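Since the structure comes first, as structure tokens, the remarks are kept for the end.
The values are calculated or read from the model by the stated rules, or taken from the named source; none is laboratory data. Only a predicted model underlies this, so the values are computations on that prediction, with no experimental measurement involved. All Cβ positions, even for glycine, are placed from backbone atoms using ideal geometry, and neighbour counts span all protein chains on display.
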């Protein structure tokens, strides 16, 4: 497997809407994994996952048959003490992906799953391999003891949370931070935005970054 390959994980949080489908083509350096029932929605699309994995309690028999005929590997991971996303990230951590993007892992119907998925950003964080959770409007990722330069259009929404704590200095935000101590339970930076097209964050500690797409 190429060290330059990026992994896209499609989580199973119905309804699976078209915005969740990563824009893949056969010549892209991307690998697509579908978690259990997420594969059901791919049957009627042109997307063929490189791997289907999970406890396989929600994938339909029709989808299993369809993707088996296309020689898609299917990995049964029955451990009920872990979510399918947690199991997928554990497996992905053993492989040399350059980055991991998780789609469709935020659900208003299962806020407990959504919150635990954010903790996985910290649990499976690696300095050399970005890991992000993408919603319809937002990219969420974990950062630790680092300086970040982030680019986005002016007025792009932005928020930063201590996760659990961080001291932050920013350059380029509407509401700047100068050695501000952030704590998940007491003080965070929300309702902020890009004042410049590129912002810089000096983060001492652990933080959760949320920026608009």
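The table below gives the values:
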read-out	value
Criterion violated by residue 129 - all others in (1) within 26 Å of residue 16 (Cα to Cα); (2) in contact with a strand residue (DSSP E or B) (Cβ under 7 Å, 6 or more places away or on another chain); (3) assigned by TED's automatic domain parsing to the domain that holds residue 94 satisfied	(1)
Filter result for residue 154 (more than 12 Å from residue 201 (Cα to Cα), exposed (fewer than 15 other Cβ atoms within 10 Å of the Cβ) and at pLDDT 95 or above)	yes
Hey, residue 19 modelled with pLDDT under 90 and either under 20 Å from residue 133 (Cα atoms) or outside any helix (DSSP H, G or I) (or both) or not	yes
Verdict on residue 58 being assigned to a helix (DSSP H, G or I), farther than 17 Å from residue 30 by Cβ and at pLDDT below 95	no
Residue 63 being touching a residue at least 60 places away in the same chain (Cβ under 8 Å) and surrounded by 17 or more Cβ atoms within 10 Å (Cβ to Cβ)	no
Residue check for residue 24: in contact with a strand residue (DSSP E or B) (Cβ under 6 Å, 6 or more places away or on another chain), modelled with pLDDT of 90 or more, part of a loop (DSSP other than H, G, I, E, B) and surrounded by 15 or more Cβ atoms within 10 Å (Cβ to Cβ)	no
